[in-house]
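**Q** Pasting a structure here, questions to come.
The values are calculated or read from the model by the stated rules, or taken from the named source; none is laboratory data. From a predicted model like this one, the values you see are computed outputs, not experimental measurements. Because the Cβ atoms are built from the backbone with ideal geometry, glycine has one as well, and the counts that use them run over all protein chains shown. In case anyone asks, the SASA skips ligands and DNA or RNA and just uses the protein heavy atoms, side chains included. Shrake-Rupley method; radii C 1.70, N 1.55, O 1.52, S 1.80 Å.
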Amino acid sequence: MIDLNEIGRSLKEKIAASPDRQAGRSTGRIVYSGDGIIKITGLSDVQYNELLDVRGGYRALALNLEHDSVGAVLFSGEESVRFGDYVYSTGKTLEMKVGEALLGRVVDPLGEPLDGLGEIDAEQSRPIEYPAPAIMDRGKVNKPLQTGILAIDSMIPIGRGQRELIIGDRQTGKTAIAVDTILNQKGENVVCIYVSIGQKASSLAKTVNTLRAGGAMEYTCVVCSTADDAVPLQYIAPYSGCALAEYFMYAGKDVLIVYDDLSKHAVAYRAMSLLLKRPAGREAYPGDVFYLHSRLLERAAKLSEEKGGGSITALPIVETLAGDISAYIPTNVISITDGQIYLESELFNSGVRPAVNVGLSVSRVGGSAQRKAIRKISGQLRINLAQYRELAIFMQFGSELDAATQKTLSRGAKLTDTLKQRQYLNYSVREMIVLLIVAQSETIDAIPAQKVTMFNEGFLDYMRMNKQDVLAEIDPDGEVGEALKGRILAAAEEYLNIAAGGGEEGENA
Amino acid sequence: MAKNSLSARVIVSEKPDDDILRMVAAFIKERGCDRAEYTIDPDILGGIIIRIGDKVYDGSVRSRLETVRRFL
């Protein structure tokens, strides 16, 4: 049964929350409308970024305040707005609904539900534009955010409160890394927010389904604007997501926010700016396109203990064209963030997945947040890989090689293989330590080339089933002693023998 | 009152009585305005709309119904 009283009550609440027309608001009239942009005369006391109420119940955002008119962008109702229609000021800026009620939901950038799961009962809202935490309110990034991806957690560690850019061409697995990271936060007490900006609705649906199937929606909110949404909605989406993230950060929680992706965001802002007739600069982006992203990413921070110790870790994604990281938007965002994970299509196509280019990827602050044991073990990893690559290039000339060089080469190839990892197959810190110890030991020489990835997956299964005690003994914050190392390597050899016995199956798998 | 003081435009649905005239005069005086031009427009269905410069005080029944319609 539908409860009529309930309907009446909710209607009353909504009317009370809608702008009060008796309050004497300043008004103006539309003198131009086109491409979602309206120009309004009047509106004497309008503010920058103020929400406007257009006759017919449509909303617009005031962006250009000029001496004889106000330029604004419409969120909807482009076709219905007519010349001469009244526009009312509201005295408010845009706000996003915030609260625990948004977890598990898919919402638009204004906090309205899109998943058909009913109303969102959020008691609070926050302005979508909000100043970044002050210098004195910030703390040191000292806790790791585990992505569960070996190549990243060992060599490009990310700390809670860090901003790490994921950059690469299309189809190189950028979103996959972000999604894997969200999935890996299960049980880690991290709130995740996935902001989709101008994405295809089909890929977004796929992402949401993956998160749901992985049980990650419990602690995740998806803020989405798809490619067919009005440009202003795409423009505000990351700020809305950030407002939600800030709610949790100021409540003392750790938050992970993914902006997928900022190149589309810049394109949306460029479209808006050009239509508003703002001067165009490099690549036709407006002059404030750097500020567009810097003010967004500065809001990601680690708060000091006095301020509750919450954090926002931001993983912005930027898509490059033909690997060109020196284009305008990529260089901007690289300089704003604390490091980047650079993905290459060449690596991706040759089967190195995740296709992380270790040479060009860095993390400027995550190192101090890395777990001690992992830091110790992976210290040499980057150098070893660099040496291997240098030799590998040299080897292409076909000169004869001595035994030592051949060994370095085969070790390097196996190390590279160790860093390959299937999607959705996240490793725990202890498992990473085990893999890194084996990969940097003599034991790895016994594993046939091309079989390393298979060995790793099988070996970890074997450890989980038969060597729980060894895994449990590893202290991620301490040091891995020689005795423990010996036991890990002994287990690896044990498994090698078993695998060699049933080798036929292994080869066909 | 300043020479160029604004005149208020008042829209009502039917001919106003003396009480309303007095209340409107007091209301607009508070906002620096001493003249009122009345228009009768049955379309607003009831209530009153007062316009001073670009400020609008919209207490019409029509505007309230519009608000309700938006949520139905």
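**Q** With θ taken as phi - 60° and the coefficients 6.51, -1.76 and 1.60, list the Karplus ³J(HN,Hα) couplings across the stretch A:98-110 in order, rounded to whole Hz; mark glycine and proline as x.
**A** Karplus-based 3J(HN,Hα) across the stretch A:98-110 equals 10, x, 4, 4, 7, 5, x, 10, 10, 10, 8, x, 9 Hz.
**Q** On to the next question. When all protein chains stay in place, what accessible area (Å², nearest 10, 1.4 Å probe) is found for A:VAL208?
**A** 20 Å²
**Q** Please work out the Cα center distance from the stretch A:160-218 to the stretch B:2-62, rounded to the nearest Å.
**A** With the stretch A:160-218 and the stretch B:2-62 each reduced to a Cα centre, they are spaced 56 Å.
**Q** Let me ask something additional. Scan chain B and hand back the longest stretch that contains none of the trypsin sites (Lys or Arg not before Pro) lying in DSSP loops with at most 15 other Cβ atoms within 10 Å. Write down the numbers at each step before the final one.
**A** Details: sites that count: B:LYS3, B:ARG31.
Longest site-free region, per DSSP loop and neighbour criteria: B:32-72.
**Q** Same structure, new question: In terms of solvent-accessible area of protein heavy atoms at a 1.4 angstrom probe, what is the ranking of A:GLU164, A:GLU344, A:GLU283, highest value first?
**A** On the way: A:GLU164 0, A:GLU344 50, A:GLU283 90 Å².
Largest accessible area first, the residues go A:GLU283, A:GLU344, A:GLU164.
**Q** Would you mind counting up the charge near B:GLU37? Only other residues with Cβ under 10 Å from its Cβ, with Lys and Arg at +1 and Asp and Glu at -1. Working shown, then result.
**A** Working: positive: B:ARG9, B:ARG35, B:ARG51; negative: none.
Charge balance near B:GLU37 sits at +3.
**Q** I'd like the Karplus ³J(HN,Hα) series for the stretch A:425-433: coefficients 6.51, -1.76, 1.60, θ = phi - 60°, whole numbers in Hz, and an x wherever there's a Gly or Pro.
**A** 10, 7, 9, 7, 4, 5, 5, 4, 4
**Q** While we're on this one: Let's see if you can work this out: charge +1 on each Lys and Arg Cβ, -1 on each Asp and Glu Cβ, no other charges. What is the dipole magnitude of the stretch B:6-71 about its Cα centre, in debye to the nearest 20? Write down the numbers at each step before the final one.
**A** Working: 12 positive and 12 negative charges, 56 e Å.
About 260 debye.
**Q** Please list A:ASP475, A:ASP108 in order of solvent-accessible area, largest first, computed with a 1.4 Å probe with all protein chains present. Don't skip to the answer; put the middle values down first.
**A** Details: A:ASP475 75, A:ASP108 30 Å².
Putting A:ASP475, A:ASP108 in descending order of accessible area: A:ASP475, A:ASP108.
**Q** Same structure again: If you count the DSSP beta bridges with both ends in the protein assembly as shown, what percent of them are antiparallel, to the nearest 5? Could the numbers behind the result be given before it?
**A** Details: 50 of 87 bridges.
Percent antiparallel among DSSP bridges in the protein assembly as shown is about 55.
**Q** Using the structure shown, list the pairs from A:LYS174/A:LYS206; A:LYS140/A:LYS253; A:LYS307/A:LYS372 with a Cα-Cα distance above 23 Å, or answer none. The partial results should precede the final answer.
**A** Details: A:LYS174/A:LYS206 14 Å; A:LYS140/A:LYS253 15 Å; A:LYS307/A:LYS372 26 Å.
With Cα atoms farther than 23 Å apart: A:LYS307/A:LYS372.
**Q** Okay, next question. With all protein chains present and a 1.4 Å probe, how do A:PHE75, A:PHE83 order by accessible area, largest first?
**A** Values: A:PHE75 20, A:PHE83 160 Å².
Highest to lowest solvent-accessible surface, that is A:PHE83, A:PHE75.
**Q** Could you tell me the accessible area of A:SER428 in Å² (1.4 Å probe, neighbours in place), rounded to the nearest ten?
**A** 50 Å²
**Q** Could you run the Karplus curve 6.51 cos²θ - 1.76 cosθ + 1.60 with θ = phi - 60° over the stretch A:167-184 and give me ³J(HN,Hα) per residue in whole Hz, x for Gly and Pro?
**A** 10, x, 5, 5, 6, 10, x, 5, 5, 4, 5, 5, 5, 4, 5, 5, 4, 6
**Q** In the protein assembly as shown, if the dipole is taken from +1 on Lys/Arg beta carbons and -1 on Asp/Glu beta carbons about the Cα centre, which of A:VAL470, A:ILE37, A:GLY161 is farthest to the positive end?
**A** The one lying farthest along the dipole's positive direction is A:ILE37.
**Q** OK, next. Percent antiparallel among DSSP beta bridges with both residues in the stretch B:6-71, to the nearest 5?
**A** Numbers: 10 of 17 bridges.
Here the antiparallel bridges make up roughly 60 percent for the stretch B:6-71.
**Q** Pairs of Cα atoms under 8 Å, at least six residues apart: use those to get the relative contact order of the stretch B:6-71, whole percent. Let's see the in-between values first.
**A** Working: 101 pairs, mean separation 26.1, N = 66.
About 40 percent, as a whole number.
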